[in-house]
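Undergrad: Quick one: the structure is below, and I'll ask about it shortly.
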Amino acid sequence: MNLARAIGLASLTLAASLSLPAQATYQFSGHARAHAVTTYPVPGLGGTDNQDIDLLNQPGATQLQALDSFASTAHGSATARLLGRIGLLKAYAASDYAYCCSGGVTVQDGYADGTAELRFYDEVLVQGAGLAAGTPVRYRLDLRLDGTVSSPNFEIGGRYSADAIAEARLRDVSSGAAVSLHWDARNQATGVFSLTLDTTVGHTLAIDGMLYAGTYVAAGARVARSAEVDFYHSAGYRLAPSVAGLNTLGASGYDFATAVPEPGTWALMLGGVALGALRQAGRSCRQGGRVVRRVVRRGPAWLRRGVIAGCLLLGLPLVAQAGRAQVGASLGTWANGDLQDAQVSGSRWRDGLLQHSVVVTSTPFNDAAAASLREDTAPVSDSARVVLQGRAGLRQPGVPEALAFAGSTEVSSDLLAGRLGLRFDTTHVAYAAPGGGVREAYVAAYPFAELFETFELVYPIARAEPVHVALSLRIDGQVDGNTGANGRIGGVQAYLQLAGADTGESHPMLDPVWRSEQDVAGAVLGYAGMLNNGGCSVARGLCSGFVSLYAALDLRGRVLASGAIEAQPGAPMALDFGAQLSLTVSPGVTLLRIGGVDSPLPAVAWASAVPEPGAAWLWLLGLPVLAGVRRMRRR
């Protein structure tokens, strides 16, 4: 068993052996550890960054908590990062370390490892739906997982590993019956997994969740110089009872019936849809509906203030989350031989302003270079962009000149234009090794671009026709090369989601809806349906509902031997893709981008209502009238 695997399993075993205090009803805990050390020629260089959080019966357990650990030495570094709360767990780990040897001689030794682990526990009382105590019912716990593990993910001998593990358990505290799930990225694909448990009204259910990410790279590793486990899109836990109206609210105050809408790193904020759900309940604020009261008592502060202010000022709970443009990319020089003069550089921008630049170069002890940039932390952003480029040379025995290779990637997201862009290119070099086999090198990258937005749809209360909503994404792109010389074929994947309208679609949000490994001209993806029933205000004479949308592009490789989809793309290749969003609604409906209570944002050209019949003629008729008024004013 390799060292990273042993460290990870030891951590899991320890956490599993810890029993909750007798009075515990809910808990969230997390641990992030980054460790990098040099053992030769000077032992003990480096450091460790340990960070922990443990919230037992504290309100913060239902609010997002973050830990970020980093450690480095002259030859390598490690990162461990986590973000989570009850019902939602995210973990990220990365490690890199320089190769130990040059010309068959050990010049340095050491290793780097990063581990991130999160856990939560909550209890749900089985009650509601008008059922009497003792009535048999059933609950289903869904676990949604999405993430990537760098490939290869292990090396025989324990010098290299990358792994992710998730767990879920649903237990009847009253009867002792339980069902559980253990998931391992090494032998299972991501997706949605379910547990089902029969219980009885009056009993108490316990829900446990865990997510772990770990990486380990030693100086002697041959398969790769860096490892990454990115499960910052996971894991979401959802509880579904067999009878509508049964309780899903935990002792913490978190409602496990709430679907967790995270995609990648990137995710869809459904603040507007949450308010739409309130309106579907058919209760206005003045009626003091049960759902509204629960939000006011237990919801986060911004939502409580929004519901109250909306009720008082407008007669409707008008709250929505402003949209965001987000991008990110990781890029590095990859080789299974010795490199020279490796360098990776890049920058990231938000709303047209440079935020950060980075330059990473190789050293005598670290012949590779890699960097990662993400622009996805701002609460509001109209545009985001990341550019990374890398180059290096693959050394050949007995040959003075190295085989040069280079690559770059650029991703962009423009919320106001409704446009996504993704570009990547890399060359590929290789030679036959004297002892057999092939030594190869190229630039590897994982870029993504995404955006999300929430709209309020307002229409007259007298409207009899349903409101139709249509979302489309048009994709154009070019691909050159993509021959699969490195055993992979690169492909661009698209993600698209529309919430708040009955589209009839039920695919998991984190699953791509489209993939292409060749040129594309005008491919159109889309969803259409009727707006879910909203709420109305007689005082305003208006009704409204909310829709939220998410769109993204990313680049992933398809392994030719197995067909598996992985983060590492094909080489050599060059691709350039763009995607354009369009949102249309029925005539007579007003689209509003809301940044807060009664705070409309500027409209975007890609979202509009279909013109009313005859509207164009009325507009043309108005032009000469306006001209006549101006002439009269001049006189």
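Undergrad: Would you mind finding the one in 56, 131, 64, 145 that is under 30 Å from residue 239 (Cα atoms) and open to solvent by less than 20 Å² (accessible area, probe 1.4 Å)?
TA: Only one candidate passes the filter, namely 145.
This table checks each residue for (1) open to solvent by less than 30 Å² (accessible area, probe 1.4 Å); (2) within 17 Å of residue 591 (Cα to Cα); (3) under 26 Å from the mean Cα position of the chain (by Cα).
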residue: 517; (1), (2), (3): no, no, yes
residue: 522; (1), (2), (3): yes, no, no
residue: 526; (1), (2), (3): no, no, yes
residue: 535; (1), (2), (3): yes, yes, no
residue: 539; (1), (2), (3): no, no, no
residue: 555; (1), (2), (3): yes, no, yes
residue: 562; (1), (2), (3): no, no, yes
residue: 571; (1), (2), (3): yes, no, yes
residue: 578; (1), (2), (3): yes, no, yes
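Undergrad: Identify all residues within segment 470-509 that are under 26 Å from residue 142 (Cβ atoms) and not small (Gly, Ala, Ser); write none if there are none.
TA: 471, 493, 495, 496, 497, 498, 502, 503, 505, 507, 508, 509
Undergrad: Same structure, new question: List pairs: first in segment 407-428 and on the phi > 0 side of the Ramachandran plot, second charged (D, E, K, R) and not in a strand (DSSP E or B), Cβ under 8 Å, 6+ apart or cross-chain?
TA: Taking only residues 6 or more apart or on different chains, not a single pair turns up.
Undergrad: Report the residue count in segment 414-428 for those that are hydrophobic (A, V, I, L, M, F, W, C) and open to solvent by 20 Å² or more (accessible area, probe 1.4 Å).
TA: Final tally of qualifying residues: 2.
Undergrad: Which pairs do you get when a residue that is β-branched (Val, Ile, Thr), found in segment 169-181, comes within reach of a residue that is part of a loop (DSSP other than H, G, I, E, B) and surrounded by 15 or more Cβ atoms within 10 Å (Cβ to Cβ), reach meaning Cβ atoms under 9 angstrom, with the pair 6+ apart or on two chains?
TA: Pairs that qualify, where the first residue is β-branched (Val, Ile, Thr) and the partner is part of a loop (DSSP other than H, G, I, E, B) and surrounded by 15 or more Cβ atoms within 10 Å (Cβ to Cβ), are 173/203.
Undergrad: Ok, one more. Out of the residues in segment 478-529 meeting the condition of being of a type in the set (A, V, I, L, M, F, W, C) and part of a loop (DSSP other than H, G, I, E, B), tell me which one is nearest to residue 428 (Cα to Cα).
TA: Once the filter is applied, the top-ranked residue is 485.
Undergrad: Working only within segment 234-245, note down all residues that are part of a strand (DSSP E or B) and open to solvent by less than 10 Å² (accessible area, probe 1.4 Å).
TA: Result: 236, 237, 239.
Undergrad: In this structure, is residue 444 within 30 Å of residue 512 (Cβ to Cβ) and either surrounded by fewer than 18 Cβ atoms within 10 Å (Cβ to Cβ) or in contact (Cβ under 8 Å) with a residue 12 or more places away in the chain (or both)?
TA: Against the criterion (within 30 Å of residue 512 (Cβ to Cβ) and either surrounded by fewer than 18 Cβ atoms within 10 Å (Cβ to Cβ) or in contact (Cβ under 8 Å) with a residue 12 or more places away in the chain (or both)), residue 444 qualifies.
Undergrad: Taking the residues in segment 169-200 that are closer than 15 Å to residue 125 by Cα and assigned to a strand (DSSP E or B) as candidates, determine which candidate is most open to solvent (accessible area, probe 1.4 Å).
TA: Going through the qualifying residues, I end up with 198.
Undergrad: Between 406, 378, which is open to solvent by 40 Å² or more (accessible area, probe 1.4 Å) and either more than 25 Å from residue 493 (Cβ to Cβ) or of a type in the set (A, V, I, L, M) (or both)?
TA: When all the criteria are applied, what remains is 406.
Undergrad: Hey, can you tell me all the residues within segment 37-82 that are outside any strand (DSSP E or B) and among the polar types (S, T, N, Q)?
TA: The answer is 57, 58, 62, 63, 73.
Undergrad: Filter segment 23-36 down to the residues that are in contact (Cβ under 8 Å) with a residue 60 or more places away in the chain and outside any strand (DSSP E or B), then identify the one that is least open to solvent (accessible area, probe 1.4 Å).
TA: It comes out as 24.
Undergrad: Can I ask one more? For residue 88, work out the one condition from (1) open to solvent by 20 Å² or more (accessible area, probe 1.4 Å); (2) over 24 Å from residue 43 (Cβ atoms); (3) not aromatic (Phe, Trp, Tyr) it doesn't fulfil.
TA: With respect to (1) open to solvent by 20 Å² or more (accessible area, probe 1.4 Å); (2) over 24 Å from residue 43 (Cβ atoms); (3) not aromatic (Phe, Trp, Tyr), residue 88 is out only on (1).
Undergrad: Let me ask something additional. Scan (1) in contact with a Cys (Cβ under 6 Å, 6 or more places away or on another chain); (2) modelled with pLDDT of 90 or more for the single condition residue 200 breaks and write down its number.
TA: Tallying (1) in contact with a Cys (Cβ under 6 Å, 6 or more places away or on another chain); (2) modelled with pLDDT of 90 or more, residue 200 fails exactly one: (1).
The values are calculated or read from the model by the stated rules, or taken from the named source; none is laboratory data. No experiment lies behind these values; they were computed from the predicted model shown. All Cβ positions, glycine included, derive from the backbone under ideal geometry; neighbour counts span all protein chains shown. Protein only, heavy atoms only, side chains kept; ligands, DNA and RNA dropped before computing areas. Shrake-Rupley method; radii C 1.70, N 1.55, O 1.52, S 1.80 Å.
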